[in-house]
Each structure stands twice: as structure tokens, then as C-alpha cells.
Amino acid sequence: MTASALELDLPGDSVSRRSRRKFSGTGIVGVVILGVLVVASLLAPVLVAYSPLEQDLSAVLQPPSGSHWFGTDDLGRDQLSRVLYGGRTALSVTLIASVIAASVGVALGLAGALFGGWTDVVAGGLADIQLAIPTIVLALVILSFVGNSIGPLLIVLVAGSWVLTFRVIRGHAQSVVGQPYIEAARLSGLGRLQIALRHLLPSVLPLFVVAFTLNASAILLLESSLGFLGLGVQPPTADWGAMVAQGQARLDSAPWVALFPGAVLILAVVSFQLIGDALADRFGART
């Protein structure tokens, strides 16, 4: 599914489409996987006996064992601990960036649909400019000038992802604005803000949920890619992308250093995708 092409079934759609609106088994699998990752990350201090920063030079690059289930890295740090704490970093940054990006996308999408004219032209122009600039290039420019702290990282993630929600919301909102009940609301004296809150926002919420979930998957992958390139969360803080980069040079002698954080990252990205696809079917969103 191409997320930017999502649409929402309107009241006149056929019963056959509505009959598909069930949360699929794959969606439940996605929820379970993501739930396990979130709970395990939150309970990391309880689940692991080692600090993610604790170094043991006598236990460098030990393979998985009873004392270190995911093995250790080249500084003797417990990989299981770093994977779980890395989940805290990756998932929290993803959540914050997704919320901000979704809020910006919804606000600009509804504004463009309601006001039209120069408002829509400016918002659409900003979206086109963002799409024309590769996100990695944007990240290199921004992070090279302002540093690699959490604030600039969030700016990069939001700047590279708000367009998805914007285009989805604006496209559907523009189709809803032309409906008779919207015109009736205008004639009854409701202002544009009231129309947006009472009619447009409830109408686009299902699409928002789908776009938010799929967007979170892209943001998580981007955050990990920046970490892999050394542009994300900086050491010694555990981060999945940085851990994969650290283990890349030792794939032949100590593959577990990169294998476990890479596998958990893939599971997280896939879980978001599964949930997004299931929500698209549940709410009648389609390409």
C-alpha cells in the first residue's frame, strides 16, 4: 500500500467494502510484537541485571550465554541490556516525532482544504519542497550545523515526515468540504474553525490513525538510519542504529553484536506496518 494515496470510504460505499472492516490477524500480531517491545523496554531495569553503560573488559565480545543472553560488545557491555534501553530511546523519539509530524500535517491539511487560495498554495509548496529534498541530505545539513542533540534530531525527523499526513488529510478533507452537509453548516452560521472541529476532524480521524501508524514506521527507520550513520543519538546512549553500525565490522567474528539490535529494529518496523495495514482495512482506507 502507498500510504500517501490513502482514501476513506464515504457513506455511499458498498456493503462489500464495509464487510472488510475487521481488525485482521496480522494487525493483532503487529500489536502483540510492538506491545512486547514497548513493555520490555519500559521494564528494562527489572528485566536485566546489567547497566547498558557498564563495561567489563574481561568479558569482551562474549557470545550469547546464560549470563549474557545476547552476548557482549567490544567494550564488554551486555547486549540485551543495550537492546532494551535502546528501545526506550528509539521508540520514545519515534513517538514524539510522530505526534509532532502528525499535528503539523493535520493542521496544514485542514487549513489548506478549508481556506484554499494562498493558504493551500503555500502549504502545498512547502510539501513539494520537502519531497524534492532527500531526508538524509536534509539531516546532514541540519545536524552538521546545529549538532546531534535530541532537539535537532526531532526537527529532522519531523521535517522529513509531516508531508505524508498532510497530503492524506488534505486530499480527504478537500473531498469532504464539497459535501452538502458542509455547505449546510456554513449556511447555518458556523465558522471555518467550528466546521473543522465538528465535521472535518471527525471525518479524517480514521485516516489520521492509519497515516500516523505508517508514518511512525518510516520515522523509526529514519531515526535508526541516522544512528547508523553517526548522526542520531550519540554514544554512550544505547541506540539500535548505532549498535548495528558498531557490530558491522565484526559480522564475521561476533555477529551477535549487530544481529540482535538489527532483528529487534526489523520487528518494530514490521509491527508498525502490520498495524497500519490492519487499520487501513478496518477503517476502509484504500489506495
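The values are calculated or read from the model by the stated rules, or taken from the named source; none is laboratory data. Since the structure is predicted, the reported quantities are computational estimates derived from the model, not experimental observations. When we count neighbours, we look across all protein chains shown, and the Cβ atoms used for this are built from the backbone with ideal geometry, even at glycine.
Summary table below
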item	result
Every residue from the range 187-208 that is hydroxyl-bearing (Ser, Thr, Tyr) and in contact with a helix residue (DSSP H, G or I) (Cβ under 6 Å, 6 or more places away or on another chain)	Ser203
Contacts under 7 angstrom Cβ, first residue in the range 89-111 being in contact (Cβ under 8 Å) with a residue 24 or more places away in the chain, partner among the basic types (Lys, Arg) and buried (at least 19 other Cβ atoms within 10 Å of the Cβ), 6 or more apart	Gly109/Arg170
Scope the range 190-225; condition farther than 15 Å from Val168 by Cα and either in contact with an Asp or Glu (Cβ under 7 Å, 6 or more places away or on another chain) or not hydrophobic (A, V, I, L, M, F, W, C) (or both); matching residues	Gly191, Arg192, Gln194, Arg198, His199, Ser217, Glu223, Ser224, Ser225
Selection status of Arg82, of a type in the set (D, E, K, R), crowded, with 20+ Cβ neighbours inside 10 Å and without any contact (Cβ under 8 Å) to a residue 40 or more places away in the chain	no
Among (1) closer than 19 Å to Ser225 by Cβ; (2) at pLDDT 85 or above, the one test that Asn148 misses	(2)
Test: residue in the range 160-181 that is in a helix (DSSP H, G or I), without any contact (Cβ under 8 Å) to a residue 24 or more places away in the chain and among the β-branched types (Val, Ile, Thr)	no
Candidate set: the range 183-217, residues that are touching a His at 6+ places or on another chain (Cβ under 8 Å) and farther than 30 Å from Leu267 by Cα; chosen: the one modelled with the highest pLDDT	Ser203
Residue that is surrounded by the most Cβ atoms within 10 Å (Cβ to Cβ) [pool: residues in the range 149-183 that are in contact with a Gly (Cβ under 6 Å, 6 or more places away or on another chain) and of a type in the set (Phe, Trp, Tyr)]	Phe166
Every pair of residues 6+ apart whose Cβ atoms lie under 7 Å, when the first sits in the range 49-64 and is without any contact (Cβ under 8 Å) to a residue 60 or more places away in the chain while the second is among the polar types (S, T, N, Q)	Tyr50/Ser81; Ser51/Ser81; Ala59/Thr72; Val60/Thr72; Gln62/Thr72
Filtered residues of the range 184-193 (kept if assigned to a helix (DSSP H, G or I) and either surrounded by 13 or more Cβ atoms within 10 Å (Cβ to Cβ) or among the charged types (D, E, K, R) (or both))	Ala185, Arg186, Arg192
Filter result for Pro206 (touching a residue at least 12 places away in the same chain (Cβ under 8 Å), in a helix (DSSP H, G or I), within 19 Å of the chain's Cα centre (by Cα) and on the phi < 0 side of the Ramachandran plot)	yes
Boolean, Gly247 is touching a residue at least 12 places away in the same chain (Cβ under 8 Å) and over 25 Å from Leu154 (Cα atoms)	yes
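Yes or no, residue by residue, for (1) assigned to a helix (DSSP H, G or I); (2) out of contact with any Leu (no Cβ under 7 Å at 6 or more places or on another chain); (3) at pLDDT below 90; (4) farther than 12 Å from Asp73 by Cβ:
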position	(1), (2), (3), (4)
Pro235	no, yes, yes, no
Ala238	no, yes, no, no
Met243	yes, yes, no, no
Ala254	no, no, no, no
Ala258	yes, no, no, no
Ser271	yes, no, no, yes
